[in-house]
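Reviewing the structure listed below.
The values are calculated or read from the model by the stated rules, or taken from the named source; none is laboratory data. What you are looking at is a predicted structure, and each value in this text was computed from that prediction instead of being measured. Virtual Cβ from ideal backbone geometry, glycine too; neighbours counted across all protein chains shown.
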Number of protein chains: 2
Amino acid sequence: MMKKKIIDLATKLFMKQGYLATSTRQIAKELNITQPALYHHYKNKEQIYIEVLKNFSDEIGINMHQIIESEPDTEQALINICKYLQQTHPMNFSMMMHDMNHELDETTLREIFVIWQKNYFYYFEQLFERLNHTHDLFFSPKQISSHFLRGLSAYIVGESEKSMTPELPIEEFVKIFLHGVIKK
Amino acid sequence: MMKKKIIDLATKLFMKQGYLATSTRQIAKELNITQPALYHHYKNKEQIYIEVLKNFSDEIGINMHQIIESEPDTEQALINICKYLQQTHPMNFSMMMHDMNHELDETTLREIFVIWQKNYFYYFEQLFERLNHTHDLFFSPKQISSHFLRGLSAYIVGESEKSMTPELPIEEFVKIFLHGVIKK
DNA sequence: GTCTATAATAGGATAGAC
DNA sequence: GTCTATCCTATTATAGAC
């Protein structure tokens, strides 16, 4: 299946290099086809990018669901999810946001945002709802999950960026965070 | 002074759009000069970018120093610095890191890293050292300041990215963080 | 210090043959 | 489904006149 091969490779390249720095020529070359051949499968570069975002996000959703189901302890589930995201996301999360906001038109953006809501935010909210039942929190589960995802995004960066600011192990990130939002 | 005008505008554009998405033509056009005229002042695009990074970072350092000096309360000083950075940085912090790592050669990168260390990390470390005298912390001031800067970077993003994940007021970010790293 | 002209390259995209 | 050939546009950068 050529379409799948294109998306798999494009995912790797877009995530690592960003939208602008990834050319259709590069994608084609690494697939051992010519650049115009891509256009048989996808209308243009933007469509490939959109397909990459959707596809990737769906996979994340499936796995997040599974992790949450199989781990009853909320803190541990959070840690597992963070570990999973850190390993899976081959890229700089913030750069992806920037690319999306600058390279996609508003309709597409909204569409992808809905998919994200379903595959990312939803599961985090669910976990912090859970936490809300057993602990006294400083903010609403919605606010906290949004804040958490934001902080986590700073821990989901490419290899090269890691060297600049040393990072804590992701478990410590989660622990500090929870200690910070739980009262008492 | 043309050189200064170039850097001022280039700062704005690079920070907002990123390195790749900002063309020398655009810079020239907004200065009402032609694109080749830029090359009289700077050898190439990369040199402009480097100058922007150095210049900007120096200014940050001066102001951070001043804020810390004039605010004896550590928590309030942190909040003031965060507010200052959030307002001043016209850009996506993480994207800047990515650009630096992908568009600059290693020698330049190291040079800029030293400047950053002096203008960003140093002051945060100083603040958390201060905190360490009065409170019992989970980690070393060095680790905590590195972790703090990372988290803060997720709150320093362009206007367009803000719409995607709602953010807490920066004061709350600081409070949750401190509550998280202080024992008891 | 700024201009015009222009080189050199790279990018996205299309036409049409096989 | 993939190729060659090609177009159009945008980009960085240089040469040389004023």
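When you check B:F121 against the structure, is it surrounded by fewer than 22 Cβ atoms within 10 Å (Cβ to Cβ) and either modelled with pLDDT of 95 or more or within 7 Å of chain A (Cβ to nearest Cβ) (or both), yes or no?
Judged against the criteria, B:F121 is not a match.
Among what's in the range A:42-56 and is crowded, with 17+ Cβ neighbours inside 10 Å and assigned to a helix (DSSP H, G or I), pick the residue that is modelled with the lowest pLDDT.
This residue is A:F56.
Which residues, taken from the range B:141-184, are facing chain A (nearest Cβ under 7 Å), among the β-branched types (V, I, T) and either within 16 Å of A:F139 (Cα to Cα) or free of Cβ contacts under 8 Å to residues at least 40 places away in the same chain (or both)?
Residues satisfying the conditions are B:T165, B:I176.
Take the residues of the range B:10-30 that are without any contact (Cβ under 8 Å) to a residue 12 or more places away in the chain and not polar (S, T, N, Q): which is nearest to DNA strand C (Cβ to nearest atom)?
B:A28
Which of (1) within 15 Å of DNA strand D (Cβ to nearest atom); (2) surrounded by 19 or more Cβ atoms within 10 Å (Cβ to Cβ); (3) away from chain B (no Cβ under 14 Å); (4) among the aromatic types (F, W, Y) is the odd one out, the single condition A:Y19 does not satisfy?
Of the numbered conditions (1) within 15 Å of DNA strand D (Cβ to nearest atom); (2) surrounded by 19 or more Cβ atoms within 10 Å (Cβ to Cβ); (3) away from chain B (no Cβ under 14 Å); (4) among the aromatic types (F, W, Y), the odd one out for A:Y19 is (3).
Which residues, taken from the range A:160-184, are β-branched (V, I, T) and either at pLDDT 95 or above or touching a Cys at 6+ places or on another chain (Cβ under 6 Å) (or both)?
A:I170, A:V174, A:I176, A:V181, A:I182
Given A:T24, A:T34, which one is modelled with pLDDT of 95 or more, more than 22 Å from the chain's Cα centre (by Cα) and loosely packed, with under 13 Cβ neighbours inside 10 Å?
A:T34
On the basis of being surrounded by 18 or more Cβ atoms within 10 Å (Cβ to Cβ) and more than 8 Å from DNA strand D (Cβ to nearest atom), does B:I6 make the cut?
yes
Got a sec? Which of A:I7, A:I33 is farther than 27 Å from A:F93 by Cβ and either away from DNA strand C (no atom under 14 Å from the Cβ) or not in a helix (DSSP H, G or I) (or both)?
One residue alone meets the criteria, A:I33.
Do you know which residues across the range B:78-97 are of a type outside the set (A, V, I, L, M, F, W, C) and either touching a Gly at 6+ places or on another chain (Cβ under 6 Å) or within 18 Å of B:F113 (Cα to Cα) (or both)?
Result: B:H89, B:N92, B:S94.
In the range B:80-110, what residues are within 13 Å of another protein chain (Cβ to nearest Cβ), surrounded by 15 or more Cβ atoms within 10 Å (Cβ to Cβ) and of a type in the set (D, E, K, R)?
The answer is B:D99, B:E103.
Results for (1) over 24 Å from B:I170 (Cα atoms); (2) out of contact with any Ser or Thr (no Cβ under 9 Å at 6 or more places or on another chain), shown as yes or no for each residue.
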position: A:E103; (1), (2): yes, yes
position: A:K118; (1), (2): yes, no
position: A:R130; (1), (2): yes, no
position: A:D136; (1), (2): no, yes
position: A:K142; (1), (2): no, yes
position: A:S145; (1), (2): no, yes
position: A:F148; (1), (2): no, yes
position: A:V174; (1), (2): no, yes
